[in-house]
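Just so it is clear, none of the values below were taken in a lab; they were calculated from the coordinates. Note that the structure is a prediction, hence the values are computed from the model and not measured. Every residue, glycine among them, receives a Cβ derived from its backbone with ideal geometry; neighbour counts consider all protein chains shown.
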Amino acid sequence: MECSRCGSQNMKTFEMAHASYNIGISSWGRFVKLMIFGPLGLFIRPKRNSVVNTTSPPEKPFPVFVILFSFLFLSTLLWLLSIYLRKGSDYGETQIALLVNAIMFVMFSAIVSWDLVRCTKARKKYPERLDKWTHSWIWLQCGTTSEVRDLPRA
């Protein structure tokens, strides 16, 4: 099968191209990033080439905001509880903690429901996106991509 753009026959499936061009970071590189940037260094991704960017498999969505806001809400709830147990409900800081907790609960409810709906919709589309990725090919000479369901037999 030849590319309509460059005439090359040098083609690979997205899966093969991604596996052969995706060079991860070494353990030493992770250690250096951790030493330089601290825990934030774990979130820095290595620079990837264009073939890897083009042929990356679809990612399954993960509800990150649910976890983050659950942690924030639970920490403010613990703050409220600790102040209430030490000082009682008449203390001014208890009133502030109650107000902050009410605001956090409203934010928590809105963001968590939005994030869960977003992840649910994306997870329903994931099998379709994975199927398309599985049947996609790239010509390595020019970078043209196409979806091929049935290869012609020689």
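Values for this structure:
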read-out: Helix 64-87 vs. the chain, principal-axis angle (Cα, 0 to 90°, nearest 10); value: 10 degrees
read-out: Cβ charges +1 (Lys, Arg) and -1 (Asp, Glu), total dipole of the chain, debye; value: 260 debye
read-out: Whole-Å semi-axes of the chain's equivalent ellipsoid (Cα gyration tensor); value: 50, 21, 9
read-out: Approximate spin-label separation Y91-K124, in nm, with each point projected 7 Å along Cα-to-Cβ; value: 4.8 nm
read-out: Pairs of lysine residues in the chain - Cα separation under 16 Å, sequence separation of 8 or more or cross-chain; value: 7
read-out: Positive-end residue, the chain charge dipole about Cα centroid, Cβ charges, pick of L80, V148, F105; value: V148
read-out: Hz values of 3J(HN,Hα) by residue in the stretch 124-141 - Karplus curve (6.51, -1.76, 1.60), Gly and Pro given as x; value: 5, 7, 4, x, 5, 5, 5, 5, 5, 5, 5, 9, 9, 10, 10, 8, 6, 6
